[in-house]
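Take a look at the structure below.
Quick note: the coordinates plus some simple rules give every number you see, no bench work behind them. As the structure is a computational prediction, the values presented were derived from the model and not from experiment.
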Amino acid sequence: SLLIAQKMGFRSIFWSFTYTDTEASAAEALQTMEQEIHPGEIMRLGVRSDGVSGALAEYIQYAHDQGFKFAVFGSDDRY
């Protein structure tokens with residue numbers, strides 16, 4: 001199916017880290033997200049409680065402080 005998608009002009013992108021915060025606190029979610037950070041990471045975050053959403057702003061600042069940049073696929077815009 002990947003070959004067919006490629007032939008149709010699609011680009012397959014896979015996440016390298018997935019996290020669903022079923023009952024995690026924001027502090028627990030932040031700790032897990034910080035431990036998993038790595039170059040080229042594509043995160044998939046499932047928000048089922050306030051854990052990930054409560055940690056997201058602090059995680060983005062942490063990632064920036066570590067020299068990481070955020071980008072929208074298909075654009076040159078950097079955040």
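Compute the angle between helix 26-36 and the longest alpha-carbon principal axis of the chain, please, reported from 0 to 90 degrees and rounded to the nearest 10.
50 degrees
Counting pairs of alpha carbon atoms under 8 Å apart in space and at least six apart in sequence, what relative contact order in percent does the chain give? Could the numbers behind the result be given before it?
Working: 88 pairs, mean separation 22.6, N = 79.
It rounds to 29 percent for the chain.
Taking every pair of Cα atoms in the chain, average 1/r, invert it to obtain the Kirkwood radius, and report Rg/Rh to two decimals. Before the final figure, lay out the partial values.
On the way: Rg = 14.8 Å, Rh = 14.1 Å.
With Rg and the Kirkwood Rh in hand, the quotient comes to 1.05.
Nearest 10 degrees is fine. How inclined is helix 50-65 to the longest principal axis of the chain, computing both from alpha carbons?
Taking the Cα atoms of the chain, the angle to 50-65 is about 80 degrees.
If each DSSP helix of 4+ residues adds -39,500 (n - 2.57) and the sum is divided by the residues in the chain, what number results at 222 nm, nearest 500 deg cm²/dmol?
Numbers: 3 runs with 33 residues, N = 79.
Theoretical 222 nm ellipticity from helices: -12500 deg cm²/dmol.
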